[in-house]
Amino acid sequence: MKRAIALVAVPALAFALAACGDSDDKGGSKPSATPSMSASAAQASHNEQDVMFAQMMIPHHRQAVEMAGLAPSRAASAQVKVLAAGIEKAQAPEIATMTGWLKDWGAPAAMTGMHHDMPGIMGEKDMTSLKGLKGAAFDKAFLRMMIEHHQGAVTMARAEGRSGQNADAKAMAASIVRTQTAEIAKMRGLLK
């Protein structure tokens, strides 16, 4: 049991430290919805970084989807509602794809106990506060929080781009960098 915890904790710490860095987006193609290789080929074509990326990005995306799901009943701005719907539409399928990768790789579905250490993740207090807001106050808080959340996702995706091995995971990471960087710019514009 101690060995299993160490095998999860040590790579998580290494990823957290690596995620503090920054690099330019190298681009890439759209990720495929499902892995197209056999289980043995899938296991051979990934590394520890790919597993860490999926395990951490799944709960990160889940929180973004949860935040976006608040907008229809709380946001005042139609633009915020449209943005939130786009976030939900993009990230929910990515969660399913990454969950499939982890299953094919024989890896646990998600990290436990370290979510609060992920870049851009909102704490329980932040989420409770956001759920209590409506109208323009919700819009402002949502945009500020989602900018921070997206910046965290971009940091994790860039780490995958630098150190990952799996082509599909690296392609998804490149897509996350592109789309979420564009959404950050849009959200900053909406805050003005």
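Structure values in brief
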| item | result |
| --- | --- |
| Phi-based couplings in Hz for region 118-128 (Karplus 6.51, -1.76, 1.60; Gly and Pro marked x) | 6, x, x, 6, 8, x, 4, 4, 4, 5, 4 |
| Candidate residues GLU160, GLU66, GLU48: accessible-area rank, largest first, probe 1.4 Å | GLU48, GLU66, GLU160 |
| Ranked packing of 142-155, 121-134, 174-187, most packed first, by mean Cβ within 10 Å | 142-155, 174-187, 121-134 |
| Region 56-173: translational diffusion in µm²/s, Stokes-Einstein, Kirkwood Rh over Cα pairs, 10 °C, 1.306 mPa s | 106 µm²/s |
| Pairwise label distance in nanometres, GLN151 with ALA182, each label 7 Å out on the Cα-Cβ vector | 2.2 nm |
| Pair ALA167, LYS131: separation of 7 Å Cα→Cβ label points (nm) | 4.3 nm |
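The values are calculated or read from the model by the stated rules, or taken from the named source; none is laboratory data. Values in this document were obtained by computation on a predicted structure and should not be read as measured data. For neighbour counting, all protein chains shown are included, and Cβ atoms are generated from backbone atoms with ideal geometry for every residue, glycine included. Areas reflect the complete protein model, heavy atoms only, side chains present, ligands, DNA and RNA absent. Shrake-Rupley method; radii C 1.70, N 1.55, O 1.52, S 1.80 Å.
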